[in-house]
1. Pairs needed: first member in the stretch 305-332, in contact (Cβ under 8 Å) with a residue 60 or more places away in the chain; second member anywhere, among the charged types (D, E, K, R) and surrounded by fewer than 18 Cβ atoms within 10 Å (Cβ to Cβ); C-beta distance under 6 Å; at least 6 residues apart or different chains.
2. Taking the conditions exactly as written (buried (at least 19 other Cβ atoms within 10 Å of the Cβ), small (Gly, Ala, Ser) and either over 16 Å from the mean Cα position of the chain (by Cα) or not in a helix (DSSP H, G or I) (or both)), does Ala233 satisfy them or not?
3. From the list Gly82, Gly40, Gly45, pick out the single residue that is farther than 18 Å from Thr202 by Cα, out of contact with any Gly (no Cβ under 9 Å at 6 or more places or on another chain) and in contact (Cβ under 8 Å) with a residue 12 or more places away in the chain.
4. All but one of (1) in contact with a strand residue (DSSP E or B) (Cβ under 6 Å, 6 or more places away or on another chain); (2) more than 19 Å from Gln252 (Cα to Cα) hold for Phe379; which doesn't?
5. Working carefully through the options Pro128, Pro180, find the one that is on the phi < 0 side of the Ramachandran plot, without any contact (Cβ under 8 Å) to a residue 12 or more places away in the chain, part of a loop (DSSP other than H, G, I, E, B) and not charged (D, E, K, R).
6. Could you please find all residues in the stretch 331-347 being more than 10 Å from the chain's Cα centre (by Cα), of a type in the set (A, V, I, L, M) and under 30 Å from Arg27 (Cβ atoms)?
7. Find the residue count for the stretch 260-289, including only residues that are closer than 27 Å to Ser330 by Cα and either buried (at least 16 other Cβ atoms within 10 Å of the Cβ) or in contact with a helix residue (DSSP H, G or I) (Cβ under 9 Å, 6 or more places away or on another chain) (or both).
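The values are calculated or read from the model by the stated rules, or taken from the named source; none is laboratory data. Note that the structure is a prediction, hence the values are computed from the model and not measured. Note: ideal-geometry Cβ built from the backbone for every residue, glycine included; neighbour counts use all protein chains shown.
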Amino acid sequence: MSYYSRIVLCVLMVATLLALPAFAELRVGAASTAINPEKGTFLGGYGQNRQCTGVHDNLYAKAVVFDDGKLPVALVILDSVGTQYDTIQLVRERASELTKAVSIPPERIIVCSTHTHCSPDNIGIYGPDQMTSGRDPEYIRGMVEAAATQVAKAAALLRPATLSWAKARGGEWAVNDCEPGDLIEDLTIIQCLDAKGTSIATLTNFACHPTVLDGDTTEASSDWVGAFYASMADAMPGEHLFLQGGIGGWIQPETPERTFKLAKEYGDDLAQRSLAALKNDVPVKGTDIRFAHKVFNMPNANEGFAQLSAMGIMPRGITDGIETEVAWFSVGTAQFATHPGETAPIFTRATEALMDTEPKLVLGLGLDELGYILKPGYFIDPKAIPHAEYLTATSPGPESGPSMMKALESIIP
């Protein structure tokens, strides 16, 4: 080969290498703040007229932002019994407006709830009586602003990061009260580390109601999730976000007693399992962020939902259909999909089957709280399944699960 031919070949090789796609640098930032209610605020869950008498442990709004240099995505976790779509839209719009470090469109801000029953009634159905909403507009406004501000702060703290993940078995104290043994036992953890190996954030996904505490508890609390947060914070720096899974049909903690002591035991146990699993973590491959979402109309067969909407107790338009949304996103091989309520384990498995890389995280109460999304069979003879009479009365109906899955199938590649 002549000298000039070698020069041409070298130029062509360099040009080819420059044209090859390269993984973008991933940056991650995280932030959190307390969102505690005032005394007298109606608490959500269990029944009417349960007013807050103080704060046992902080309720939080937590945010993590992922940025691959193209379009970021943000994940917000609220210690809330449930946050409905109208309120979530306010969080997304305000967060997008406040965030200056990067540009995040509202639809790429995913808001989920942990479902603690010792948080304010953000839905409206737990007021002083069945005819009066328990939503506190001032609390809602403050929560929206606080959550949105955490997205902006997290974006301002973005720094180069790598992700790793681990999986373990969750606590044996999580049981299915309707169909014993039908559980999502996986505990999945993603850790985000900066260039020095310091933890920026951990994301822990597990399916179980935070309902150790009962209707006699009048102090605000995130239940066992609060103990989990405290135990994780004692062990490592950074933010720690609990991502609720599919808890419908009816995944609850065992409750031989309804005490803060037992809630602490469960939260500590989940933290220790998470920390032990992270000792054997493996890298999340890739850094590119992909995102898709779909707004759709979920069929509603629950006349009570429509009546509550018409009365202004649940302030959103509910008739024979409910506008809601599902979203899917991935960071490298890590995939996340939302469920707009408390979904039965069958739907977690069906959603996981749509995703072809690990880890797979299903985010219950994601982008909405529409009550229980159940197997259609629960509606055939509710008396034949323990607790099904209650669950079906607080569900949009037998078509809610199939309609949700159809929407997810249309967006998960």
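1. Once the first residue is in contact (Cβ under 8 Å) with a residue 60 or more places away in the chain and sits in the stretch 305-332, its partners that are among the charged types (D, E, K, R) and surrounded by fewer than 18 Cβ atoms within 10 Å (Cβ to Cβ) give Arg316/Asp86; Val326/Lys294; Gly332/Lys285.
2. no
3. Of Gly82, Gly40, Gly45, the one residue that is farther than 18 Å from Thr202 by Cα, out of contact with any Gly (no Cβ under 9 Å at 6 or more places or on another chain) and in contact (Cβ under 8 Å) with a residue 12 or more places away in the chain is Gly40.
4. (1)
5. Just one listed residue meets the conditions, Pro180.
6. Once the filter is applied, which keeps residues that are more than 10 Å from the chain's Cα centre (by Cα), of a type in the set (A, V, I, L, M) and under 30 Å from Arg27 (Cβ atoms), the stretch 331-347 yields Val331, Ala334.
7. Within the stretch 260-289, residues that are closer than 27 Å to Ser330 by Cα and either buried (at least 16 other Cβ atoms within 10 Å of the Cβ) or in contact with a helix residue (DSSP H, G or I) (Cβ under 9 Å, 6 or more places away or on another chain) (or both) number 13.
A quick yes/no check of all residues on (1) within 20 Å of Ile412 (Cβ to Cβ); (2) among the aliphatic types (A, V, I, L, M):
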residue	(1), (2)
Leu275	no, yes
Phe291	yes, no
Met314	no, yes
Asp320	no, no
Glu323	no, no
